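A short worksheet on the structure shown next.
The values are calculated or read from the model by the stated rules, or taken from the named source; none is laboratory data. None of the values given here were measured: they were computed from a predicted structure. Cβ atoms come from the backbone with ideal geometry, glycine included; neighbour counts cover every protein chain shown.
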Amino acid sequence: MPSTSTVSPDKELIGQIQECIREGTPHDTVLETDERVIARVTDGIYRQPASALRELIANAYDADAKNVSITTDAPRFSSIKVSDDGVGMTPEVLANLVRHIGGSAKRTQKGPQLGVTSQTDPTRSVGGRRLIGKIGIGLFSVAQLSRQFIITTKTAGTNYQLLAHVTLNRFDESELAKVDAKGKHPFQAGTARIWAEKTPDKKGHGTTITLTALLPRVVHILQSRDVWEALANEAEQKGPGRRKEPLYHIGQIDLNEQDKIKAPAKLPWDEEAGELVKFEKLVEGVAKAYQSGNTFARLEHALDNYFHMLWTLGLALPFGYVDQHPFDLTFKEVKHLFTIPDRRGANLTRLELKGKKSVRELAELPITEDSASDFAVSIDGIMLRRPIRFRDYPKTQALLQDPTLFVGKAAPDLSKIPESQRGGPLAFSCYFFFVPRVIPQEHNGILVRIHGASGTGFDSTFLKYQVAERQLGQLIAEVFIERGLEGALNIDRESFNTAHTHYQVLANWVHNAVRLIRNKLKELRSEKLKADRATKAVKSAITLASTTDELISAMTDSEPSEIPEVILVEDEDKLEAAIGDGKLAYLRSDVVSITGGSTDKVLTRVTDQVSAVARLLEAHGLLQDLDNSTQAKLVAGIVKLFTVGK
């Protein structure tokens, strides 16, 4: 029940927590919110466990944690524990959390007062990190995993740790109807028992959230029950349409006996592999499966739900890449590099990658804050990274095979938009990576990162680009937002308000970039086709001349070097001069009148063929009694006979 004291409820709860510290006695309280929409979050806005874990990891990042350790009791998943070495929560911060669950002190003046954000910049953590959490629903996200959990938190320099046993309620429509905007009837989101325990470690700090009773739906998802049940139902099926066991999985629990493991895990690493190597092996294993022609065309086929969750988390948070940042690529990984203009009407610019110069240096790209070198997350001993690779892509039948990178940066001028609508400044950089085949397929599209974090995944429509072409299926793209766009994030942080000014500006920029890239790829294909045809024509001409020489040697007494190549000339004067020099020469018009080869490309091919036939006939002495014009027409006629229908 709301307090009747004249002291504010927040201060009253702070005093009660401090009493817990002094006396060692627990205090029971309720979790309240006066926001009707936030109250509904307790019933779930996230579809997958990865989304809830993402929010908890984001909270740890914003608390300046350097290390986050998560254990899941896989493959049984009877509990989940998330521990970090962040700054921890003071009594004031814990009280604010309980009193205003679903609200956030971040990015407000309250943040510096509570010591959860920088004193000079409320958009940064105390340690200077760009905040990736915003809406304050991290604790509510736990409700997607369990209705009961324990928070254990400690700040540096204290000889105690605070604990809170939290039970979250499901929302009730009749109760929500009583909630009003003035907070007179706040929604009771749950209850909490708070107490303190003495600890000898005064230097230690951080927060641990322990979930001991996961919801049945969550357990079923993490255990990949749907996959194993489908396999069991299709066990009698035969043929190519039958579902296959995931390439890698954490193990199968017996569907009837939860404590019994029916099938051992299939892992891409050895038992001795280290934390970082394990995730790299997972990414490498999926890539090799595609390269070898394996039928696992998508992650949902290659990985069970547990490993798919790890992959999703690797994409979503401010980690480094399994290989390297795309801006740090060199000529070894990228054969063609283009810069994207920051305005409409301009064209792509080609840059030459040479030596050890990186894309970042050559294109003068910024050092983005999209990954944190001092932030590590380990799940069951597997260190997460961004599972995006920029090398070793398989060859296909496509004309273009060389990896091609398009990079750009922009800080659009929004001054013409009313200040009340523009949402502040916007600045970003990006890349589009073209490869013969995207691995895995789910990486085709564009992923938008705000300060390194993303909940949206890859958008294969490229922010609803209107023209869908096959070549867009060979693009991987990321946008690194340095300023702005946060206001466009919806409450689930997995989608955008597409009407927001920043989203509209970004989408227009991306669409222009895609249009330029499409045109450039068409141009590169055309150039490659011409080059391939020219190479093929040269090879064909060499083969034809070589075969002719072999026939002359085998069938006549002449030496191939004694029989000259044929040349075609434009007029009688040049013809006489060429014949006088001992060459086989014919008027171009005599040959064209028979073969019809008037274009340069066709004439080149015809000339090679005429030369082969004429040289062979000359070696046999069959042209000696014919005048030049008759020779030309005879040879051209033979060529014509064998090119009919081609």
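Do we have Ile439 as of a type outside the set (Gly, Ala, Ser), in contact with a strand residue (DSSP E or B) (Cβ under 6 Å, 6 or more places away or on another chain) and surrounded by 12 or more Cβ atoms within 10 Å (Cβ to Cβ) here?
Numbers: of a type outside the set (Gly, Ala, Ser): yes; in contact with a strand residue (DSSP E or B) (Cβ under 6 Å, 6 or more places away or on another chain): no; surrounded by 12 or more Cβ atoms within 10 Å (Cβ to Cβ): yes.
The answer is no for Ile439.
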Assess whether Ile446 counts as being within 26 Å of Gly345 (Cβ to Cβ), in contact (Cβ under 8 Å) with a residue 12 or more places away in the chain and in contact with a Phe, Trp or Tyr (Cβ under 6 Å, 6 or more places away or on another chain).
yes
Just wondering, is there one or more residues in segment 470-489 that are of a type in the set (D, E, K, R) and surrounded by fewer than 12 Cβ atoms within 10 Å (Cβ to Cβ)?
yes
Is at least one residue of segment 61-70 in a helix (DSSP H, G or I), modelled with pLDDT of 90 or more and buried (at least 18 other Cβ atoms within 10 Å of the Cβ)?
yes
Would you check which residues across segment 321-348 are more than 20 Å from Glu364 (Cα to Cα) and touching a strand residue (DSSP E or B) at 6+ places or on another chain (Cβ under 7 Å) and list them?
Tyr321, Val322
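For segment 485-522, enumerate the residues that are in a loop (DSSP other than H, G, I, E, B) and farther than 18 Å from Gln421 by Cβ.
Those that are in a loop (DSSP other than H, G, I, E, B) and farther than 18 Å from Gln421 by Cβ: Asn490, Ile491, Asp492, Arg493, Glu494, Ser495.
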Please enumerate the residues belonging to segment 616-646 that are free of Cβ contacts under 8 Å to residues at least 40 places away in the same chain and assigned to a helix (DSSP H, G or I).
Leu617, Thr630, Leu634, Ile638, Leu641
Any idea which of Ser526, Ser553 is at pLDDT 85 or above and small (Gly, Ala, Ser)?
Ser553
When the residues of segment 486-502 are filtered to those that are under 19 Å from the mean Cα position of the chain (by Cα) and of a type outside the set (Asp, Glu), which remaining residue is nearest to Arg344 (Cα to Cα)?
Phe496
List every residue pair whose Cβ atoms lie under 6 Å apart, where the two residues are 6 or more positions apart in sequence or sit on different chains, the first residue falls within segment 158-169 and is farther than 14 Å from Val87 by Cα, and the second residue, located anywhere, is polar (S, T, N, Q) and buried (at least 21 other Cβ atoms within 10 Å of the Cβ).
Leu168/Thr42
Residue within segment 88-103 that is surrounded by 20 or more Cβ atoms within 10 Å (Cβ to Cβ), at pLDDT 90 or above and part of a loop (DSSP other than H, G, I, E, B) present
yes
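Output the residues belonging to segment 451-485 that are among the β-branched types (Val, Ile, Thr), closer than 23 Å to Pro425 by Cβ and under 14 Å from the mean Cα position of the chain (by Cα).
Thr456, Val479, listed by residue number.
Going through segment 379-400 one residue at a time, which ones are surrounded by 15 or more Cβ atoms within 10 Å (Cβ to Cβ) and part of a loop (DSSP other than H, G, I, E, B)? Working first, answer last.
Of all residues in segment 379-400, those surrounded by 15 or more Cβ atoms within 10 Å (Cβ to Cβ) come to 379-380, 382-390, 393-394, 400.
Hits for segment 379-400 are Asp380, Leu384, Arg385, Pro387, Ile388, Arg389, Phe390, Tyr393, Pro394, Leu400.
Look at Phe428 and say whether it is touching a residue at least 40 places away in the same chain (Cβ under 8 Å), closer than 16 Å to Ile517 by Cα and either buried (at least 20 other Cβ atoms within 10 Å of the Cβ) or of a type in the set (Phe, Trp, Tyr) (or both). Can you show your working first?
Working: touching a residue at least 40 places away in the same chain (Cβ under 8 Å): yes; closer than 16 Å to Ile517 by Cα: no; either buried (at least 20 other Cβ atoms within 10 Å of the Cβ) or of a type in the set (Phe, Trp, Tyr) (or both): yes.
No: the conditions fail for Phe428.
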Tell me which residues, restricted to segment 366-378, are in contact with a Lys or Arg (Cβ under 6 Å, 6 or more places away or on another chain) and surrounded by 15 or more Cβ atoms within 10 Å (Cβ to Cβ).
Glu369, Asp370
